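The values are calculated or read from the model by the stated rules, or taken from the named source; none is laboratory data. The structure displayed is predicted, hence computed values, not measured ones. Methodologically, a virtual Cβ is constructed for each residue, glycine included, from the backbone with ideal geometry; neighbour enumeration extends over all protein chains shown. These accessible areas exclude ligands, DNA and RNA; they are computed on the full protein's heavy atoms, side chains included. Shrake-Rupley method; radii C 1.70, N 1.55, O 1.52, S 1.80 Å.
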Amino acid sequence: MTDKDIATPKRTREILERFGFSFKKSLGQNFLIDTNILNRIVDAAEVTESTGVIEIGPGIGALTEQLAKRAHKVVAFEIDQRLIPILEETLSPYPHVEVINEDVLKADVKQVVSGRFKDGEDLAVVANLPYYVTTPILMKLLEENLPVRSIVVMVQKEVADRIAAGPGTKDYGSLSIAAQYYAHADTAFTVPKTVFVPQPNVDSAILRLTIRDKPPVEVEDEAFFFELVRASFAQRRKTLLNNMSRHFGEDLEKSEVEKVIQEAGIDPKRRGESLHMEEFAELSSRFSGRLAEK
Ligand code: SAM
């Protein structure tokens with residue numbers, strides 16, 4: 001840390017006051033003011049000189065600066081136009097940082113990545129995400145199959161718990177499976193509220209998604225697989241048989257649904273929350289086969 005780091009309480013306050021910046025809660029603006037935490041995030045993402053980084057929501061540049069000190073290039077998407085002149089000033093010592101004034105959910109991230117980075121380059125997404133859109137942002141990044149090694153992001157602790165959860169736990173659900181289909185998920189560390197201004201109402205954690213070379217299960221029709229997974233958790237307390245009958249009720253009799261589940265080697269009385277991804281994949285292929293026969 002140096003006196004000049006953006007992420008100190010004093011410098012952050014000075015920047016915000018000088019530019020007359022007021023936080024927009026609706027944009028999930030909670031800025032980091034602790035360089036120690038920032039360095040731990042950059043460490044968790046294993047950013048080195050050969051890494052290219054994609055950041056979402058640079059704010060006034062707290063994390064961007066620490067990334068820029070280690071990475072050879074940083075490209076950051078920021079939705080709030082009021083932050084652009086601030087970033088121009090705070091990040092002026094780092095010419096290898098590019099800020100794009102766009103909503104990441106609307107941006108063609110894949111094209112930006114292919115235009116800015118070389119094929120086969122070591123790439124990572126690192127961000128302190130706006131909490132109101134964490135899931136859509138993560139699902140967009142995962143589903144687009146960006147050529148990144150990992151996604152290391154600050155999220156609400158509860159979301160990190162849900163994403164990293166395994167079968168048989170209360171946090172396990174369709175989000176866990178959706179994320180774990182694309183990546184190995186774990187929580188690198190938890191973060192106290194005191195390192196943000198303004199302080200959020202929720203606890204936070206650093207979620208680390210290490211992108212898989214290929215999904216852990218073979219699925220013919222991904223859309224059907226994810227639809228079935230969501231349907232299995234539609235009513236968490238109900239059995240698989242009940243949730244599946246509700247979902248396929250228009251096409252299959254309850255007895256047929258029961259048979260398909262049994263043929264997949266699964267007890268129809270189990271609940272969705274006890275099923276492993278392999279079992280969901282087996283169910284998905286059996287149901288899709290059975291429906292095709294109709
Ligand atoms: N990285 C900064 C830090 O750690 O201090 C700020 C993090 S703050 C939690 C989230 C940032 O994301 C804000 O700067 C906010 O304006 C920006 N943001 C919110 N929604 C966005 C979106 N859809 N696309 C891009 N940036 C967004």
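What to note about this one:
- The chain: equivalent-ellipsoid semi-axes (sqrt of 5 x gyration tensor eigenvalues, Cα, Å): 42, 19, 16
- Over segment 222-293, relative contact order from alpha-carbon pairs under 8 Å, at least 6 apart, %: 37
- Solvent exposure of segment 1-43 amounts to 59 Å² per residue of accessible area, where only protein heavy atoms count and the probe is 1.4 Å.
- Largest to smallest accessible area among E253, E98 [probe 1.4 Å]: E253, E98
- Within-12-Å neighbourhood charge of A165 [Cβ basis; K, R +1; D, E -1]: -3
- Cα-centre dipole for the chain with unit charges at Cβ (Lys and Arg positive, Asp and Glu negative), debye to 20: 900
- Surface/4 estimate of mean projected area, convex hull on alpha-carbon atoms of segment 134-248, nm²: 8.4
- Each Cα pair under 8 Å and six or more residues apart adds its sequence gap; the mean of these over the residue count of segment 9-211 is a relative contact order of 21 percent.
- For K4, solvent-accessible area (1.4 Å; no DNA, RNA or ligand), Å²: 150
- Over all orientations, segment 1-144 has a Cα convex hull whose mean projected area works out to 8.2 square nanometres.
- Choice from A185, A107, A71 showing the highest fluctuation, given a GNM over the chain with Cα pairs closer than 10 Å: A107
- For the chain, the share of accessible area belonging to carbon and sulfur comes to 47 percent (1.4 Å probe, ligands and nucleic acids excluded).
- Between segment 150-204 and segment 223-262, the alpha-carbon center distance in angstrom: 28
- Accessible area expressed per residue, segment 222-293, with surrounding protein chains retained (probe 1.4 Å, Å²): 54
- GluC sites (Glu not before Pro) within segment 185-237: DSSP coil, no more than 11 neighbouring Cβ in 10 Å: E218, E220
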